[in-house]
Amino acid sequence: MSGALLQEPPPSQVLDTVDWSQAGDEAAGLLSEYLRVDTFNPPGNETRGAEFLAAVLASQGIPSSISEYAPGRGSLMARLPGNGQEPPLCLLSHIDVVPAESGGWPAHKGPLSGTIDDEGLIWGRGALDMKSMGAIETMTMLLAAREKIPLKRDLVLLAVADEEVSNAGMKHIIREHWDQIGCSHVINEGGLGIRDLFFEDQTFYAISVGEKGVLWVRMIASGEPGHGSTPIPGQATERLIAAVNKLQKRRARPHFLPSMLESLRQAGIHHGGIPGAVLRSPALVRLLLRGRLMADPLTRAAVTNTVNVTGFGGAAEPNVVGGEAWANLDCRLLPGTRPQDMLDELKATVDDPNVRFQVIQSHEAAQSPRDDPLYQALARNVVQGQPRAVAGPVISVGFTDSILLRPLGVHAYGLEPFAVTREEAATMHGNDERISTANITRGLQVLYRTVLDVAADPKGQWLPPKGVPASPPPAHERAATPATPEGADTPATPEGADTPEGAATPATPEAADTPATPEGADTPSPPPASSGAEQPQEPSPREQ
Ligand SMILES: [Zn+2]
(Lines give C-alpha, C1' and ligand atoms only; values in the text may rest on other atoms or scores of the structure.)
Protein backbone atom coordinates (compact mmCIF):
# COMPACT_ATOMS: atom_id res chain seq x y z
CA MET A 1 0.00 0.00 0.00
CA SER A 2 2.67 2.47 0.99
CA GLY A 3 4.22 1.91 -2.42
CA ALA A 4 1.45 4.11 -3.74
CA LEU A 5 3.01 7.02 -1.94
CA LEU A 6 6.09 6.71 -4.07
CA GLN A 7 4.18 7.11 -7.30
CA GLU A 8 5.00 10.05 -9.43
CA PRO A 9 2.42 12.80 -9.71
CA PRO A 10 0.05 12.53 -12.67
CA PRO A 11 1.59 14.08 -15.80
CA SER A 12 -1.08 16.80 -15.82
CA GLN A 13 0.44 18.26 -12.67
CA VAL A 14 3.75 18.69 -14.43
CA LEU A 15 2.73 19.50 -17.97
CA ASP A 16 -0.39 21.66 -17.68
CA THR A 17 0.75 25.22 -18.32
CA VAL A 18 -2.31 26.32 -20.26
CA ASP A 19 -3.88 29.75 -19.77
CA TRP A 20 -7.36 28.41 -19.07
CA SER A 21 -9.28 31.61 -19.33
CA GLN A 22 -7.92 32.15 -22.82
CA ALA A 23 -8.32 28.52 -23.86
CA GLY A 24 -11.89 28.51 -22.53
CA ASP A 25 -12.78 31.58 -24.57
CA GLU A 26 -11.30 29.99 -27.66
CA ALA A 27 -13.27 26.78 -27.09
CA ALA A 28 -16.49 28.73 -26.54
CA GLY A 29 -15.93 30.60 -29.80
CA LEU A 30 -15.22 27.35 -31.59
CA LEU A 31 -18.43 25.79 -30.24
CA SER A 32 -20.46 28.86 -31.16
CA GLU A 33 -19.33 28.56 -34.78
CA TYR A 34 -19.73 24.77 -34.86
CA LEU A 35 -23.35 25.14 -33.69
CA ARG A 36 -24.05 27.32 -36.71
CA VAL A 37 -23.11 24.50 -39.06
CA ASP A 38 -26.39 22.79 -39.98
CA THR A 39 -25.98 19.07 -39.36
CA PHE A 40 -29.58 18.19 -38.46
CA ASN A 41 -30.06 14.48 -38.99
CA PRO A 42 -32.00 13.72 -41.11
CA PRO A 43 -30.55 14.59 -43.53
CA GLY A 44 -27.20 14.91 -41.71
CA ASN A 45 -24.81 16.74 -44.04
CA GLU A 46 -22.07 15.93 -41.56
CA THR A 47 -19.34 16.59 -44.13
CA ARG A 48 -20.00 20.31 -43.48
CA GLY A 49 -19.22 19.80 -39.80
CA ALA A 50 -16.20 17.65 -40.61
CA GLU A 51 -14.85 20.34 -42.94
CA PHE A 52 -15.34 22.95 -40.24
CA LEU A 53 -13.34 20.91 -37.72
CA ALA A 54 -10.71 20.11 -40.35
CA ALA A 55 -10.16 23.83 -40.95
CA VAL A 56 -9.78 24.45 -37.21
CA LEU A 57 -7.20 21.68 -36.96
CA ALA A 58 -5.37 22.88 -40.07
CA SER A 59 -4.94 26.28 -38.45
CA GLN A 60 -2.69 24.54 -35.95
CA GLY A 61 -0.94 22.45 -38.60
CA ILE A 62 -2.81 19.26 -37.75
CA PRO A 63 -3.80 17.35 -40.88
CA SER A 64 -6.99 15.35 -41.04
CA SER A 65 -9.05 13.33 -43.46
CA ILE A 66 -12.74 12.93 -44.11
CA SER A 67 -14.35 9.64 -45.04
CA GLU A 68 -17.90 9.55 -46.38
CA TYR A 69 -20.19 6.53 -46.22
CA ALA A 70 -22.61 8.33 -48.55
CA PRO A 71 -22.50 11.72 -50.29
CA GLY A 72 -22.38 14.45 -47.66
CA ARG A 73 -22.22 11.95 -44.79
CA GLY A 74 -18.61 12.41 -43.76
CA SER A 75 -16.66 11.54 -40.61
CA LEU A 76 -13.41 13.23 -39.64
CA MET A 77 -10.18 11.59 -38.48
CA ALA A 78 -7.06 13.33 -37.18
CA ARG A 79 -4.05 12.09 -35.32
CA LEU A 80 -1.25 13.45 -33.17
CA PRO A 81 1.56 10.92 -33.10
CA GLY A 82 3.03 9.47 -29.94
CA ASN A 83 6.04 7.26 -29.48
CA GLY A 84 3.99 4.07 -29.69
CA GLN A 85 4.61 2.94 -26.15
CA GLU A 86 0.87 2.37 -25.74
CA PRO A 87 -1.99 1.93 -28.21
CA PRO A 88 -3.79 5.08 -29.37
CA LEU A 89 -6.39 6.96 -27.35
CA CYS A 90 -9.45 8.16 -29.25
CA LEU A 91 -11.51 11.26 -28.53
CA LEU A 92 -14.87 10.46 -30.10
CA SER A 93 -17.90 12.61 -30.85
CA HIS A 94 -20.72 12.68 -33.36
CA ILE A 95 -21.23 15.56 -35.75
CA ASP A 96 -24.92 15.10 -36.39
CA VAL A 97 -27.64 16.52 -34.15
CA VAL A 98 -31.34 15.79 -33.90
CA PRO A 99 -33.62 18.25 -35.70
CA ALA A 100 -35.04 21.29 -33.94
CA GLU A 101 -37.62 23.89 -34.83
CA SER A 102 -36.71 27.42 -33.93
CA GLY A 103 -40.34 28.19 -32.94
CA GLY A 104 -39.94 26.85 -29.42
CA TRP A 105 -36.66 28.66 -28.74
CA PRO A 106 -36.07 32.24 -27.54
CA ALA A 107 -35.57 34.90 -30.20
CA HIS A 108 -31.96 35.18 -31.37
CA LYS A 109 -31.10 32.04 -29.40
CA GLY A 110 -32.32 29.49 -31.90
CA PRO A 111 -31.03 26.01 -32.69
CA LEU A 112 -28.57 27.28 -35.34
CA SER A 113 -27.70 30.58 -33.66
CA GLY A 114 -24.61 29.68 -31.64
CA THR A 115 -25.45 32.81 -29.64
CA ILE A 116 -23.33 33.53 -26.59
CA ASP A 117 -25.63 35.63 -24.40
CA ASP A 118 -24.95 38.12 -21.62
CA GLU A 119 -25.07 35.38 -19.01
CA GLY A 120 -22.38 33.42 -20.78
CA LEU A 121 -24.73 30.76 -22.14
CA ILE A 122 -24.04 29.27 -25.56
CA TRP A 123 -27.26 28.37 -27.40
CA GLY A 124 -27.94 25.85 -30.12
CA ARG A 125 -28.84 22.28 -31.03
CA GLY A 126 -25.82 20.25 -30.03
CA ALA A 127 -24.77 22.53 -27.15
CA LEU A 128 -24.94 19.41 -24.98
CA ASP A 129 -25.48 16.58 -27.47
CA MET A 130 -22.75 16.74 -28.47
CA LYS A 131 -20.99 19.49 -30.39
CA SER A 132 -19.75 20.85 -27.07
CA MET A 133 -17.80 17.64 -26.53
CA GLY A 134 -16.59 17.72 -30.15
CA ALA A 135 -15.41 21.29 -29.58
CA ILE A 136 -13.44 20.56 -26.40
CA GLU A 137 -11.99 17.39 -27.95
CA THR A 138 -10.81 19.44 -30.92
CA MET A 139 -9.41 22.06 -28.55
CA THR A 140 -7.59 19.33 -26.65
CA MET A 141 -5.86 18.35 -29.89
CA LEU A 142 -4.96 21.98 -30.57
CA LEU A 143 -3.60 22.48 -27.06
CA ALA A 144 -1.59 19.26 -27.09
CA ALA A 145 0.00 20.36 -30.38
CA ARG A 146 0.52 23.94 -29.30
CA GLU A 147 2.06 22.91 -25.99
CA LYS A 148 4.14 20.27 -27.77
CA ILE A 149 3.09 17.60 -25.30
CA PRO A 150 5.29 14.52 -25.59
CA LEU A 151 2.92 11.60 -26.14
CA LYS A 152 3.44 7.93 -25.34
CA ARG A 153 0.45 7.01 -27.48
CA ASP A 154 -1.18 8.48 -30.55
CA LEU A 155 -4.03 10.83 -29.87
CA VAL A 156 -6.85 10.32 -32.36
CA LEU A 157 -9.73 12.69 -32.92
CA LEU A 158 -12.77 11.03 -34.44
CA ALA A 159 -15.96 12.95 -35.22
CA VAL A 160 -18.52 10.70 -36.88
CA ALA A 161 -21.72 11.00 -38.85
CA ASP A 162 -25.16 9.58 -38.14
CA GLU A 163 -25.00 8.62 -34.49
CA GLU A 164 -28.51 9.86 -33.90
CA VAL A 165 -30.27 7.73 -36.51
CA SER A 166 -28.54 4.47 -37.36
CA ASN A 167 -24.87 4.70 -36.36
CA ALA A 168 -23.93 4.38 -40.04
CA GLY A 169 -20.93 6.70 -39.63
CA MET A 170 -19.32 4.62 -36.89
CA LYS A 171 -20.14 1.37 -38.68
CA HIS A 172 -18.39 2.70 -41.78
CA ILE A 173 -15.37 3.81 -39.77
CA ILE A 174 -15.11 0.38 -38.17
CA ARG A 175 -15.42 -1.35 -41.54
CA GLU A 176 -13.02 0.84 -43.48
CA HIS A 177 -10.63 2.43 -41.03
CA TRP A 178 -10.56 0.73 -37.68
CA ASP A 179 -7.42 -1.28 -38.43
CA GLN A 180 -5.64 1.96 -39.00
CA ILE A 181 -7.13 3.77 -36.03
CA GLY A 182 -6.38 0.90 -33.68
CA CYS A 183 -7.41 2.60 -30.45
CA SER A 184 -7.47 0.66 -27.21
CA HIS A 185 -9.37 3.41 -25.36
CA VAL A 186 -12.15 5.81 -26.24
CA ILE A 187 -13.70 8.82 -24.52
CA ASN A 188 -17.24 9.41 -25.76
CA GLU A 189 -20.61 10.73 -24.64
CA GLY A 190 -22.87 8.71 -22.34
CA GLY A 191 -22.43 10.34 -18.92
CA LEU A 192 -22.73 13.83 -17.55
CA GLY A 193 -22.50 15.68 -14.25
CA ILE A 194 -25.91 16.28 -12.69
CA ARG A 195 -26.19 18.83 -9.92
CA ASP A 196 -28.08 17.92 -6.72
CA LEU A 197 -28.72 14.41 -7.95
CA PHE A 198 -28.56 12.37 -4.76
CA PHE A 199 -28.13 15.23 -2.33
CA GLU A 200 -28.47 18.95 -2.50
CA ASP A 201 -25.17 20.66 -3.30
CA GLN A 202 -23.63 17.44 -4.48
CA THR A 203 -22.86 17.10 -8.18
CA PHE A 204 -22.73 13.53 -9.36
CA TYR A 205 -20.61 12.85 -12.43
CA ALA A 206 -21.88 9.69 -14.07
CA ILE A 207 -19.17 7.95 -16.04
CA SER A 208 -20.78 5.50 -18.41
CA VAL A 209 -18.80 2.27 -18.32
CA GLY A 210 -21.36 0.27 -20.25
CA GLU A 211 -24.69 0.31 -21.97
CA LYS A 212 -27.72 -1.90 -21.66
CA GLY A 213 -28.14 -4.41 -24.42
CA VAL A 214 -30.79 -4.00 -27.08
CA LEU A 215 -33.38 -6.29 -28.60
CA TRP A 216 -35.73 -4.67 -31.08
CA VAL A 217 -38.34 -7.12 -32.35
CA ARG A 218 -41.53 -7.10 -34.32
CA MET A 219 -44.12 -9.37 -32.73
CA ILE A 220 -46.38 -10.63 -35.49
CA ALA A 221 -49.70 -12.38 -34.88
CA SER A 222 -51.40 -14.24 -37.70
CA GLY A 223 -54.92 -15.58 -38.25
CA GLU A 224 -57.64 -15.98 -40.85
CA PRO A 225 -58.32 -12.74 -42.74
CA GLY A 226 -61.94 -11.69 -43.01
CA HIS A 227 -64.58 -8.96 -42.93
CA GLY A 228 -64.65 -6.39 -40.16
CA SER A 229 -68.40 -6.86 -39.73
CA THR A 230 -67.99 -10.35 -38.27
CA PRO A 231 -65.53 -10.86 -35.41
CA ILE A 232 -64.16 -14.41 -35.47
CA PRO A 233 -62.21 -15.91 -32.58
CA GLY A 234 -58.53 -16.37 -33.35
CA GLN A 235 -58.17 -13.47 -35.76
CA ALA A 236 -54.75 -11.83 -35.88
CA THR A 237 -55.68 -8.66 -34.02
CA GLU A 238 -57.24 -10.62 -31.16
CA ARG A 239 -54.11 -12.74 -30.79
CA LEU A 240 -51.96 -9.63 -30.82
CA ILE A 241 -54.01 -7.95 -28.10
CA ALA A 242 -53.76 -11.07 -25.94
CA ALA A 243 -50.00 -11.21 -26.47
CA VAL A 244 -49.54 -7.56 -25.57
CA ASN A 245 -51.63 -8.05 -22.44
CA LYS A 246 -49.42 -10.90 -21.32
CA LEU A 247 -46.31 -8.75 -21.83
CA GLN A 248 -47.88 -5.92 -19.86
CA LYS A 249 -48.43 -8.25 -16.92
CA ARG A 250 -44.83 -9.49 -17.02
CA ARG A 251 -43.08 -8.68 -13.75
CA ALA A 252 -39.42 -7.79 -13.97
CA ARG A 253 -37.12 -8.40 -11.02
CA PRO A 254 -34.70 -5.68 -9.98
CA HIS A 255 -30.97 -6.30 -10.30
CA PHE A 256 -28.54 -4.16 -8.37
CA LEU A 257 -25.53 -3.92 -10.63
CA PRO A 258 -22.08 -3.50 -9.07
CA SER A 259 -21.69 -0.20 -10.92
CA MET A 260 -24.87 1.15 -9.36
CA LEU A 261 -23.87 0.06 -5.88
CA GLU A 262 -20.47 1.67 -6.36
CA SER A 263 -22.00 4.98 -7.46
CA LEU A 264 -24.37 5.02 -4.51
CA ARG A 265 -21.44 4.21 -2.24
CA GLN A 266 -19.43 7.12 -3.64
CA ALA A 267 -22.34 9.47 -3.07
CA GLY A 268 -22.74 8.11 0.46
CA ILE A 269 -19.05 8.43 1.33
CA HIS A 270 -19.11 12.11 0.58
CA HIS A 271 -22.35 12.82 2.31
CA GLY A 272 -22.30 11.24 5.73
CA GLY A 273 -25.23 11.04 8.13
CA ILE A 274 -27.86 8.34 7.99
CA PRO A 275 -28.60 8.81 4.27
CA GLY A 276 -24.91 8.45 3.54
CA ALA A 277 -24.69 5.33 5.68
CA VAL A 278 -27.59 3.76 3.80
CA LEU A 279 -26.00 4.43 0.43
CA ARG A 280 -22.68 2.99 1.58
CA SER A 281 -24.27 -0.33 2.47
CA PRO A 282 -25.31 -2.61 -0.41
CA ALA A 283 -27.52 -4.58 1.98
CA LEU A 284 -29.39 -1.46 3.12
CA VAL A 285 -29.68 -0.21 -0.44
CA ARG A 286 -31.30 -3.51 -1.46
CA LEU A 287 -33.57 -3.47 1.56
CA LEU A 288 -34.61 0.18 1.74
CA LEU A 289 -34.36 1.49 -1.80
CA ARG A 290 -35.78 -1.39 -3.78
CA GLY A 291 -39.35 -0.13 -3.65
CA ARG A 292 -38.44 3.42 -4.53
CA LEU A 293 -36.17 2.44 -7.39
CA MET A 294 -38.92 0.27 -8.83
CA ALA A 295 -41.58 2.96 -8.40
CA ASP A 296 -39.83 5.56 -10.57
CA PRO A 297 -39.84 4.70 -14.29
CA LEU A 298 -36.39 6.23 -14.74
CA THR A 299 -34.74 4.21 -12.03
CA ARG A 300 -36.77 1.11 -12.78
CA ALA A 301 -35.26 1.11 -16.27
CA ALA A 302 -31.82 1.13 -14.66
CA VAL A 303 -32.43 -1.97 -12.55
CA THR A 304 -34.59 -4.19 -14.78
CA ASN A 305 -34.79 -5.73 -18.21
CA THR A 306 -37.47 -3.65 -19.87
CA VAL A 307 -39.99 -4.52 -22.58
CA ASN A 308 -41.67 -1.52 -24.17
CA VAL A 309 -44.41 -1.75 -26.81
CA THR A 310 -43.60 1.15 -29.10
CA GLY A 311 -45.90 0.76 -32.09
CA PHE A 312 -48.63 -1.22 -33.83
CA GLY A 313 -49.65 -2.10 -37.37
CA GLY A 314 -52.16 -4.17 -39.33
CA ALA A 315 -54.71 -3.79 -42.07
CA ALA A 316 -55.14 -0.22 -43.29
CA GLU A 317 -58.90 -0.31 -43.88
CA PRO A 318 -61.29 -0.24 -40.91
CA ASN A 319 -63.55 -2.94 -42.33
CA VAL A 320 -60.78 -5.43 -43.10
CA VAL A 321 -59.42 -8.07 -40.72
CA GLY A 322 -55.86 -8.57 -41.88
CA GLY A 323 -54.11 -11.91 -41.92
CA GLU A 324 -51.39 -10.31 -39.78
CA ALA A 325 -51.13 -7.67 -37.09
CA TRP A 326 -47.94 -6.60 -35.38
CA ALA A 327 -46.43 -4.67 -32.52
CA ASN A 328 -42.89 -3.36 -32.21
CA LEU A 329 -41.06 -4.09 -28.98
CA ASP A 330 -38.04 -2.22 -27.66
CA CYS A 331 -36.35 -4.39 -25.04
CA ARG A 332 -33.31 -3.17 -23.08
CA LEU A 333 -31.17 -5.70 -21.30
CA LEU A 334 -28.93 -5.51 -18.28
CA PRO A 335 -25.48 -7.06 -18.46
CA GLY A 336 -25.92 -10.77 -17.96
CA THR A 337 -29.06 -11.10 -20.10
CA ARG A 338 -28.34 -11.95 -23.72
CA PRO A 339 -30.77 -10.95 -26.49
CA GLN A 340 -31.52 -14.64 -27.04
CA ASP A 341 -32.47 -15.02 -23.36
CA MET A 342 -34.97 -12.20 -23.71
CA LEU A 343 -36.33 -13.61 -26.95
CA ASP A 344 -36.91 -16.93 -25.18
CA GLU A 345 -38.65 -15.10 -22.33
CA LEU A 346 -40.91 -13.24 -24.76
CA LYS A 347 -41.90 -16.47 -26.50
CA ALA A 348 -42.58 -18.23 -23.20
CA THR A 349 -44.60 -15.29 -21.87
CA VAL A 350 -46.77 -14.96 -24.97
CA ASP A 351 -47.01 -18.74 -25.43
CA ASP A 352 -48.96 -18.70 -28.69
CA PRO A 353 -47.80 -20.63 -31.79
CA ASN A 354 -49.57 -18.09 -34.00
CA VAL A 355 -47.41 -15.26 -32.73
CA ARG A 356 -43.86 -15.04 -34.05
CA PHE A 357 -40.97 -12.71 -33.32
CA GLN A 358 -38.85 -11.06 -35.98
CA VAL A 359 -35.59 -9.58 -34.69
CA ILE A 360 -34.95 -6.10 -36.08
CA GLN A 361 -31.71 -5.42 -34.24
CA SER A 362 -29.88 -6.78 -31.24
CA HIS A 363 -26.75 -6.00 -29.24
CA GLU A 364 -25.61 -7.62 -26.07
CA ALA A 365 -24.88 -5.33 -23.13
CA ALA A 366 -21.17 -4.62 -22.81
CA GLN A 367 -19.06 -3.03 -20.11
CA SER A 368 -15.57 -1.64 -19.80
CA PRO A 369 -13.61 -2.21 -16.60
CA ARG A 370 -13.43 0.33 -13.82
CA ASP A 371 -9.92 -0.63 -12.79
CA ASP A 372 -8.58 1.09 -15.87
CA PRO A 373 -6.22 4.09 -15.94
CA LEU A 374 -8.52 6.06 -18.23
CA TYR A 375 -11.56 5.54 -15.99
CA GLN A 376 -9.45 6.48 -12.97
CA ALA A 377 -8.11 9.62 -14.63
CA LEU A 378 -11.59 10.76 -15.66
CA ALA A 379 -12.98 10.13 -12.18
CA ARG A 380 -10.06 11.95 -10.56
CA ASN A 381 -9.94 15.00 -12.81
CA VAL A 382 -13.67 15.60 -13.08
CA VAL A 383 -14.07 16.17 -9.33
CA GLN A 384 -10.79 17.98 -8.80
CA GLY A 385 -11.29 21.30 -7.07
CA GLN A 386 -14.96 20.50 -6.40
CA PRO A 387 -15.11 19.22 -2.84
CA ARG A 388 -18.85 18.52 -3.08
CA ALA A 389 -18.67 16.52 -6.28
CA VAL A 390 -18.40 12.78 -6.72
CA ALA A 391 -17.90 10.53 -9.72
CA GLY A 392 -19.14 7.00 -10.19
CA PRO A 393 -19.77 4.36 -12.85
CA VAL A 394 -23.12 3.77 -14.52
CA ILE A 395 -24.57 1.45 -17.11
CA SER A 396 -26.48 3.71 -19.48
CA VAL A 397 -29.98 2.61 -20.35
CA GLY A 398 -29.62 4.04 -23.85
CA PHE A 399 -26.78 3.34 -26.24
CA THR A 400 -24.21 5.34 -28.17
CA ASP A 401 -21.55 4.48 -30.74
CA SER A 402 -19.62 2.90 -27.85
CA ILE A 403 -21.86 -0.15 -28.15
CA LEU A 404 -20.15 -0.88 -31.47
CA LEU A 405 -16.65 -0.44 -30.07
CA ARG A 406 -16.73 -2.49 -26.87
CA PRO A 407 -17.18 -5.79 -28.73
CA LEU A 408 -13.89 -4.94 -30.52
CA GLY A 409 -12.10 -4.98 -27.17
CA VAL A 410 -12.02 -1.20 -26.88
CA HIS A 411 -12.35 0.28 -23.39
CA ALA A 412 -14.92 3.02 -23.87
CA TYR A 413 -15.96 5.55 -21.24
CA GLY A 414 -18.80 8.03 -21.60
CA LEU A 415 -18.38 11.35 -19.86
CA GLU A 416 -19.14 14.84 -21.00
CA PRO A 417 -17.32 16.63 -18.19
CA PHE A 418 -19.98 19.28 -17.66
CA ALA A 419 -22.18 19.90 -14.62
CA VAL A 420 -25.80 20.72 -15.40
CA THR A 421 -29.13 20.66 -13.65
CA ARG A 422 -31.63 17.93 -14.44
CA GLU A 423 -33.68 20.56 -16.19
CA GLU A 424 -30.76 21.56 -18.42
CA ALA A 425 -30.01 17.91 -19.17
CA ALA A 426 -33.58 17.55 -20.42
CA THR A 427 -32.94 20.14 -23.15
CA MET A 428 -31.01 17.56 -25.13
CA HIS A 429 -33.33 16.68 -28.01
CA GLY A 430 -35.74 19.29 -26.56
CA ASN A 431 -35.98 23.06 -26.80
CA ASP A 432 -33.53 25.64 -25.41
CA GLU A 433 -30.42 23.45 -25.53
CA ARG A 434 -27.53 25.47 -24.12
CA ILE A 435 -24.33 25.25 -22.12
CA SER A 436 -22.44 27.78 -20.04
CA THR A 437 -19.03 29.06 -21.04
CA ALA A 438 -17.91 28.14 -17.50
CA ASN A 439 -18.79 24.53 -18.25
CA ILE A 440 -16.87 24.66 -21.52
CA THR A 441 -13.76 26.05 -19.83
CA ARG A 442 -13.83 23.59 -16.97
CA GLY A 443 -14.83 20.67 -19.20
CA LEU A 444 -11.91 21.41 -21.50
CA GLN A 445 -9.56 21.52 -18.54
CA VAL A 446 -10.84 18.17 -17.24
CA LEU A 447 -10.55 16.53 -20.63
CA TYR A 448 -7.10 17.96 -21.38
CA ARG A 449 -5.73 16.89 -18.00
CA THR A 450 -7.23 13.43 -18.38
CA VAL A 451 -5.59 13.10 -21.76
CA LEU A 452 -2.25 14.22 -20.33
CA ASP A 453 -2.55 11.71 -17.49
CA VAL A 454 -3.10 8.72 -19.77
CA ALA A 455 -1.27 9.77 -22.92
CA ALA A 456 1.61 12.09 -22.01
CA ASP A 457 5.12 11.03 -21.20
CA PRO A 458 6.75 13.91 -19.27
CA LYS A 459 10.20 12.53 -20.06
CA GLY A 460 9.42 11.84 -23.68
CA GLN A 461 9.80 13.84 -26.83
CA TRP A 462 7.23 15.78 -28.84
CA LEU A 463 6.59 14.31 -32.25
CA PRO A 464 5.06 16.73 -34.77
CA PRO A 465 1.98 15.64 -36.71
CA LYS A 466 2.84 13.95 -39.95
CA GLY A 467 -0.52 13.36 -41.49
CA VAL A 468 -3.20 10.72 -41.69
CA PRO A 469 -4.11 8.32 -43.07
CA ALA A 470 -1.03 6.15 -43.23
CA SER A 471 -2.03 4.32 -46.36
CA PRO A 472 -3.31 5.88 -49.58
CA PRO A 473 -6.93 6.86 -49.01
CA PRO A 474 -9.65 4.94 -50.80
CA ALA A 475 -11.35 6.60 -53.75
CA HIS A 476 -14.33 7.82 -51.77
CA GLU A 477 -12.08 9.58 -49.38
CA ARG A 478 -10.24 12.81 -49.77
CA ALA A 479 -7.79 14.75 -47.72
CA ALA A 480 -9.60 17.57 -45.99
CA THR A 481 -6.43 19.50 -45.47
CA PRO A 482 -3.31 19.54 -47.55
CA ALA A 483 -1.77 16.81 -45.48
CA THR A 484 1.83 15.85 -45.87
CA PRO A 485 2.60 13.44 -48.65
CA GLU A 486 1.04 10.14 -47.99
CA GLY A 487 2.68 7.14 -46.71
CA ALA A 488 4.93 6.29 -43.98
CA ASP A 489 3.79 8.21 -41.00
CA THR A 490 1.71 6.70 -38.27
CA PRO A 491 3.59 4.08 -36.40
CA ALA A 492 1.83 0.78 -36.36
CA THR A 493 0.14 0.29 -33.07
CA PRO A 494 2.61 -1.08 -30.66
CA GLU A 495 2.36 -4.67 -29.67
CA GLY A 496 1.69 -4.74 -26.01
CA ALA A 497 -1.71 -6.15 -26.83
CA ASP A 498 -4.75 -4.42 -25.71
CA THR A 499 -4.83 -2.56 -22.48
CA PRO A 500 -2.18 -0.68 -20.68
CA GLU A 501 -3.67 -1.96 -17.50
CA GLY A 502 -2.20 -1.93 -14.14
CA ALA A 503 -0.51 1.38 -14.43
CA ALA A 504 -0.56 3.50 -11.41
CA THR A 505 -3.94 4.41 -10.18
CA PRO A 506 -5.63 2.98 -7.13
CA ALA A 507 -8.72 0.88 -7.49
CA THR A 508 -11.49 3.17 -6.42
CA PRO A 509 -12.29 6.28 -8.32
CA GLU A 510 -10.59 9.10 -6.60
CA ALA A 511 -12.53 12.00 -5.42
CA ALA A 512 -11.45 10.50 -2.23
CA ASP A 513 -9.97 13.55 -0.71
CA THR A 514 -13.01 15.16 0.82
CA PRO A 515 -13.88 13.63 4.13
CA ALA A 516 -17.47 12.64 4.64
CA THR A 517 -19.37 15.59 5.90
CA PRO A 518 -20.04 15.59 9.59
CA GLU A 519 -23.21 13.91 10.56
CA GLY A 520 -26.61 14.81 9.49
CA ALA A 521 -25.26 17.75 7.60
CA ASP A 522 -27.89 19.01 5.31
CA THR A 523 -30.56 16.64 4.13
CA PRO A 524 -31.96 14.74 7.05
CA SER A 525 -34.31 12.76 4.87
CA PRO A 526 -33.37 9.39 3.44
CA PRO A 527 -31.65 9.39 0.09
CA PRO A 528 -34.05 10.75 -2.44
CA ALA A 529 -34.13 7.67 -4.53
CA SER A 530 -37.44 8.48 -6.08
CA SER A 531 -36.26 11.92 -6.94
CA GLY A 532 -33.68 10.37 -9.08
CA ALA A 533 -31.16 8.29 -7.26
CA GLU A 534 -29.75 6.59 -10.31
CA GLN A 535 -30.86 9.25 -12.65
CA PRO A 536 -27.51 8.87 -14.31
CA GLN A 537 -28.63 5.57 -15.69
CA GLU A 538 -31.67 7.24 -16.93
CA PRO A 539 -32.56 7.18 -20.56
CA SER A 540 -30.92 10.42 -21.36
CA PRO A 541 -32.55 11.44 -24.57
CA ARG A 542 -29.28 11.91 -26.35
CA GLU A 543 -28.87 8.21 -26.52
CA GLN A 544 -30.81 5.85 -28.62
ZN1 LIG B 1 -25.27 12.17 -28.63
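Could you give the accessible area per residue of the range 71-131, probe 1.4 Å, as a whole number in Å²?
Dividing the accessible area of the range 71-131 by its residue count gives 32 Å².
Subtracting the Cα-Cα distance from 0.36 nm times the residue separation, let me have the gained length for N431 to E101 in nm, one decimal.
Separation in residues times 0.36 nm, less the Cα-Cα distance, equals 118.0 nm.
Where the accessible area of the range 114-222 is counted over protein heavy atoms with a 1.4 Å probe, how much of it, in %, is carbon and sulfur?
So the carbon and sulfur contribution to the accessible surface is 41 percent.
Any idea what Rg and Dmax come out to for the range 328-467 if you just take the C-alpha atoms, in Å?
So, for the range 328-467, Rg and Dmax equal 20.5, 69 Å respectively.
For the ranges 324-330, 305-311, what's the packing order if you count other beta-carbon atoms within 10 Å of each residue, average per peptide, and put the highest first?
Values: 324-330: 19.9, 305-311: 15.3.
The most tightly packed comes first, giving 324-330, 305-311.
Give a residue-ordered list of calculated ³J(HN,Hα) values for the range 416-426 (Karplus: 6.51 cos²θ - 1.76 cosθ + 1.60, θ = phi - 60°; whole Hz; x for Gly, Pro).
Those phi angles translate into 8, x, 10, 10, 10, 7, 4, 5, 5, 4, 6 Hz.
Would you work out the charge dipole size for the range 1-104 about its Cα centre, treating the Cβ of every Lys and Arg as +1 and the Cβ of every Asp and Glu as -1, and quote it to the nearest 20 debye? Present the calculation step by step, with values, prior to reporting the outcome.
Numbers: 4 positive and 13 negative charges, 52 e Å.
Here the range 1-104 has a charge dipole of around 240 debye.
What length, rounded to one decimal in nm, is gained on full extension from K171 through to R146, with 0.36 nm per residue of separation minus their alpha-carbon distance?
Working: separation 25, 0.36 × 25 = 9.00 nm, distance 3.20 nm.
Length gained, K171 through R146: 5.8 nm.
Between D457 and residues 5 or more places away or on another chain, which pairs have amide H atoms under 5 Å apart, with H built 1.01 Å from N, and which residues are they?
L151, K152
So the label point goes 7 Å from the Cα of R253 along Cα→C-beta, right? Which residues of the range 322-342 then have their backbone N under 17 Å from it?
Correct set: 333-338, 341-342.
Could you pull out every residue, at least 5 positions away or on a different chain, whose amide H is within less than 5 Å of the one on F40? Hs are placed 1.01 Å off N in the peptide plane, and Pro or chain starts have none.
Amide H to amide H, under 5 Å and 5 or more residues apart or across chains, F40 pairs with V97.
Distance from the Cα centre of the range 340-407 to that of the range 211-273, in angstrom?
The distance from the Cα centre of the range 340-407 to that of the range 211-273 comes to 17 Å.
Nearest 0.05, what FRET efficiency do N245 and D371 give at R0 = 56 Å with Cβ-Cβ as r?
The value I calculate is 0.80.
Measure off 7 Å from each Cα along the Cα-to-Cβ vector at W178 and R290, then give the distance between these two points in nanometres to one decimal.
4.0 nm
When the Kirkwood hydrodynamic radius is evaluated over all pairs of different C-alpha atoms of the range 260-381, what value in angstrom, to one decimal, is obtained?
It is 18.3 Å.
Once phi is turned into θ = phi - 60°, what whole-Hz ³J(HN,Hα) does the Karplus curve with 6.51, -1.76 and 1.60 give for every residue of the range 94-106, x standing for Gly and Pro?
Values, residue by residue: 10, 7, 6, 10, 6, x, 8, 10, 5, x, x, 9, x Hz.
Just reorder V320, V186 by solvent-accessible area, largest first, 1.4 Å probe, all chains present.
Most to least solvent-accessible, the answer reads V320, V186.
With Cβ to Cβ distances under 10 Å as the rule, what net charge do the other residues near E423 carry (K, R +1; D, E -1)?
Around E423, the charge tally is 0.
Per residue, how much accessible surface does the range 132-256 expose to a 1.4 Å probe? Answer in Å², no decimals.
35 Å²
Full extension from E224 to D117: what is 0.36 nm times the residue separation minus their Cα-Cα distance, to one decimal in nm? Spell out each step's value before the answer.
Working: separation 107, 0.36 × 107 = 38.52 nm, distance 6.29 nm.
Going from the current span to full extension adds 32.2 nm.
For the pairs K171/K212; K131/K152; K212/K246; K109/K212; K212/K347, flag any whose C-alpha to C-alpha distance is greater than 29 Å.
Beyond 29 Å between Cα atoms: K109/K212.
In cubic angstrom, how much convex hull volume per residue do the alpha carbon atoms of the range 46-171 span?
120 Å³
The values are calculated or read from the model by the stated rules, or taken from the named source; none is laboratory data. What you are looking at is a predicted structure, and each value in this text was computed from that prediction instead of being measured. Backbone-built Cβ (ideal geometry, glycine too); neighbour counts: all protein chains shown. The protein model used for the area step is the full one, side chains on, heavy atoms only, and it has no ligands, DNA or RNA in it. Shrake-Rupley method; radii C 1.70, N 1.55, O 1.52, S 1.80 Å.
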